[in-house]
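Computed from the coordinates by the stated procedures, all read-outs in this text should not be read as laboratory data. Just so it is clear, the structure is predicted and the values come from calculations on it, not from any experiment. No Cβ is skipped: glycine too gets one built from the backbone with ideal geometry, and neighbour counts run over all protein chains shown.
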Amino acid sequence: MVSQTLKSEDKPAAATVEPTPENLLLRLAVEQFLTEEAHLLDTWQLAAWLALFTPDAQYIIPATDCADADPLRAMVYINDDFHHLEGRVKRLQSRHAHREFPSSRTRRLITNVRLTSVTADEVGVEASFLVYRTRNDIMAPFVGLYRYTLRRLPQNRFQIRLRRAELDHERINDHAAISIIL
């Protein structure tokens, strides 16, 4: 069973890493990875998106009133391990996800990408996001901060071990629920 515990080492540090030539090239590779991830989500290629995750991955969306909350001690909107994330993807691709049938149209803008930690095995990343969701002629934005822990693979490739979307909203009123993958 995969643990759903958010450990302190899973949270990327707030500091930005030194802007060495190697780290700048690494940041560029990370930006490319995040751009491709956004494309997969915006085009509803959810199986390909799920393949970006490690088997021990976590996908977390904390409640808007406590963005840095530990999901074991506080209310969160989403706290999925890989198994639950896989179920979420299957449900979204079926007719059983009534809020997303037919699927919403989304457009993601990813900006202000910062490397927050770099080791031989992993990269901590923060990035600002804006996700526009259009459904039934209503456009609603989701704004916030992504925090990633990316596992490093050969040739500047990555897998997602932690994906945390911290919303800047005071409340989710236009949506009532988060039915898309942020």
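Using a simple charge model, +1 on the beta-carbon of Lys and Arg, -1 on the beta-carbon of Asp and Glu, nothing else, what dipole does segment 15-167 show about its Cα centre, in debye to the nearest 20? If you can, show how the numbers build up before the last one.
On the way: 20 positive and 19 negative charges, 115 e Å.
Using only the charged Cβ atoms, the result is roughly 560 debye.
Taking the dipole about the Cα centre of segment 15-167, with the C-beta of Lys and Arg at +1 and of Asp and Glu at -1, give me whichever of 153, 93, 47 is farthest to the positive side.
93
Give the calculated FRET efficiency between residue 28 and residue 56 to the nearest 0.05, with a Förster radius of 30 Å applied to their Cβ-Cβ distance. Please report the intermediate quantities before stating the final value.
Details: r = 27 Å, r/R0 = 0.89.
After rounding to 0.05, the efficiency reads 0.65.
Given contacts defined as C-alpha pairs under 8 Å and at least six residues apart, what's the relative contact order of segment 15-167, whole-number percent? Walk me through the numbers on the way to the answer.
Details: 271 pairs, mean separation 39.1, N = 153.
RCO, segment 15-167: 26 percent.
If you restrict to DSSP beta bridges whose two residues both lie in segment 15-167, what percentage is antiparallel, to the nearest 5? It would help to have the intermediate numbers written out before the result.
Working: 40 of 44 bridges.
Of the beta bridges lying entirely in segment 15-167, close to 90 percent run antiparallel.
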